[in-house]
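The values are calculated or read from the model by the stated rules, or taken from the named source; none is laboratory data. Note that the structure is a prediction, hence the values are computed from the model and not measured. Cβ: placed from backbone, ideal geometry, glycine included. Neighbour counts: every protein chain shown.
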Amino acid sequence: MSGSTKIDINSLHAIVLRDTENEAIQEIDPNLYTLISNFIGKLKREEYDNIEAKIKENLVNIITNLTSLLLNIRLEKAKSSENLDFSNLLDEEKFVLDGEEEIRERTEMILSATLNGRSKFLESISQNHKTKSIVLRFLKEVEQIVGTDLKKYGPFKTEDIATLPYENAHVLIAKNMAMKVRLED
């Protein structure tokens, strides 16, 4: 199904419908999510007044809902399939599933170490996690803080980027003072 270079609401609806009506993951254009992203980006850049602006807003909402539905349906099929054929999964879907596989592996690792008396391994994991750093982008000004590693960090201004210890970073994220920066972006 590659070769398609354009997406619209009707073709997206047809794709979602086809994947909904079939148990297997359907073959779709490998660039579908990029096409949708480009389509939504183009719509959002267009400026309209009055009723046209409302129509555009509703169109973006419908496309967003259809895309979320499609992604969730395809991921759910992949997770529940015993012998999954990866050939019909898109790269973005494989990316999500890789993260879930990592969770399963880590869970098994902790359980195995616990049940097999490998306390040194558990201590090592715990220590590595405590010293793990996270890159943050600050959303608000933050005064100087002392990290869990006893080093001083800051002060920070809005939009500053810094690397902080895991526990400190999560406190700031939970308080909506900073957000995690993903280096893959």
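Table for the structure above
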| item | result |
| --- | --- |
| Complete set of residues in region 22-43 that are within 17 Å of L89 (Cα to Cα) and assigned to a helix (DSSP H, G or I) | L32, Y33, T34, L35, I36 |
| Residue pairs meeting the criteria (Cβ under 9 Å; at least 6 apart or on separate chains; first within 26 Å of I25 (Cβ to Cβ), in region 90-115; second among the acidic types (D, E)) | L90/D29 |
| Matching residues in region 10-31 - criterion: being touching a residue at least 24 places away in the same chain (Cβ under 8 Å) and either among the aromatic types (F, W, Y) or within 16 Å of I62 (Cβ to Cβ) (or both) | L12, H13, I15, V16, T20 |
| Which listed residue is under 26 Å from the mean Cα position of the chain (by Cα) and of a type outside the set (A, V, I, L, M, F, W, C), from K152, K130 | K130 |
| Selection within region 91-131 - closer than 29 Å to L71 by Cβ and among the charged types (D, E, K, R) | D91, E92, E93, K94, D98, E100, E101, E102, R104, E105, R106, E108 |
| Residues (part of a strand (DSSP E or B), free of Cβ contacts under 8 Å to residues at least 24 places away in the same chain and either loosely packed, with under 15 Cβ neighbours inside 10 Å or aliphatic (A, V, I, L, M) (or both)) located in region 139-182 | I145, V146, K152 |
| Number of positions in region 29-61 that are out of contact with any helix residue (DSSP H, G or I) (no Cβ under 6 Å at 6 or more places or on another chain) and either exposed (fewer than 15 other Cβ atoms within 10 Å of the Cβ) or not assigned by TED's automatic domain parsing to the domain that holds I15 (or both) | 19 |
